[in-house]
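Working notes, structure below.
The values are calculated or read from the model by the stated rules, or taken from the named source; none is laboratory data. Since this is a predicted model, take the numbers as computed values, not measurements. Every residue, glycine among them, receives a Cβ derived from its backbone with ideal geometry; neighbour counts consider all protein chains shown.
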Amino acid sequence: MEKSKKLFSPDNISFGLVLGLTFLLPIFFLPISNIAIDVSKVFFVSVITLIALVLWLVGRLIDGMVKIPRSMILGGAFVIALSFLLSSLSSPALRVSLFGQGFEVGTFSFILVAALLTLVTSLVVDSRNKVFWVYAALLASFGLVALFHIIRIFTGPAVLSFGYFTGVLANMVGKWNDMAIFVGLIAVLALTTLEILSVSRLYKIFLYATLALSLFLLAVVNFTFAWGILAAASVILFVYAIYLNKFDGTGNAEADLPSLMPRVPGVALAVFLISLFFFFTASTIGGTLSTYFKTTQVEVRPSWSATYDIAKATFTARPYWALVRIVLRMNGLSISRMF
């Protein structure tokens, strides 16, 4: 009875919700034609986050003790939310700036939910074992997304359409470039685990397969910005792995090897070179792959020069909210509704 109570305690249920959200969010959608996939995901995240937060608060009432970790990332999340709130309050379209037309990305309400999710995650994922389960849930979700799109890429968009995904670019994650960001994140996580952590041989094989699959999907999507981020991340991991003197792949330097000749982190170096190759050949090799797999798409985004001009004017007129406006502009969000 006591074990059952612990299993279904508010803290464990809250962790279960975060774990389920990690697995389901990349593949969650409502098969309703007039509801955009990002709107359904924001609704799903909002509901799960609020329930998990309420359950955690119930657990604190039961325990009579509150512990909140000190973290720059956690503090930064709420600073961003505060910036969005202040910018929304200064907008002539106050209601739209705060809440949008519904469950939309880029509004203050969504940024607040994201900050609360960051808080809840830091509170309930408080052990190495829980981190492992969250990591495993994310990789499992990626496996389903990858399988779904590989089948559709090679067999055609009519397969597994569910009456909702009508084109080959339609995907579970969101926009086609959102797909690139997601698989790029998986590539970074797999690369980090391979270069930094000590894992079993079987798990290494699984991570190598995950990394290769994510790189393939990233090449098919052909999003230059994602390749640039992956190249930067692989360089950082490359330098950090050398700094740790990871000679034997277990995080410990071998005593019989000279410290001035560390083993080169080959996986990070290979990913860096691949990322650079596709970054500089996006219009040629990447374009050829997109044409072959019929995944060519054009997503309208502001140019860097236009972003610079807007940033310059904003810093001059309204320096306090300039950074928020730049971030919105770079992500293609509707600035007119925020300012």
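Observations on the structure shown:
- Sole residue being of a type outside the set (Lys, Arg) and part of a loop (DSSP other than H, G, I, E, B), chosen from Thr166, Thr192: Thr166
- The one condition in (1) closer than 24 Å to Lys175 by Cβ; (2) in contact (Cβ under 8 Å) with a residue 60 or more places away in the chain; (3) under 19 Å from the mean Cα position of the chain (by Cα) that Leu119 fails to fulfil: (1)
- The residues of segment 203-223 that are closer than 24 Å to Phe280 by Cα and either surrounded by fewer than 16 Cβ atoms within 10 Å (Cβ to Cβ) or touching a strand residue (DSSP E or B) at 6+ places or on another chain (Cβ under 7 Å) (or both), listed by number, are Ala212, Phe216.
- Residue that is farthest from Gly228 (Cα to Cα), among those in segment 275-291 that are of a type in the set (Ser, Thr, Tyr) and not in a loop (DSSP other than H, G, I, E, B): Thr291
- Matching option when the condition is surrounded by fewer than 20 Cβ atoms within 10 Å (Cβ to Cβ), under 17 Å from Phe29 (Cα atoms), hydrophobic (A, V, I, L, M, F, W, C) and in contact (Cβ under 8 Å) with a residue 12 or more places away in the chain, among Leu189, Leu138, Leu147: Leu138
- Candidate set: segment 38-66, residues that are β-branched (Val, Ile, Thr) and within 20 Å of the chain's Cα centre (by Cα); chosen: the one surrounded by the fewest Cβ atoms within 10 Å (Cβ to Cβ): Val47
- Condition check for Ala136: within 23 Å of Thr281 (Cα to Cα) and either at pLDDT 85 or above or outside any helix (DSSP H, G or I) (or both): no
Here is a yes/no grid of residues against (1) closer than 25 Å to Val47 by Cβ; (2) surrounded by fewer than 20 Cβ atoms within 10 Å (Cβ to Cβ); (3) modelled with pLDDT of 85 or more; (4) not β-branched (Val, Ile, Thr):
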| site | (1), (2), (3), (4) |
| --- | --- |
| Ser90 | no, yes, no, yes |
| Ser97 | yes, no, no, yes |
| Phe108 | yes, no, no, yes |
| Ile111 | yes, no, yes, no |
| Phe132 | no, yes, yes, yes |
| Lys175 | yes, yes, no, yes |
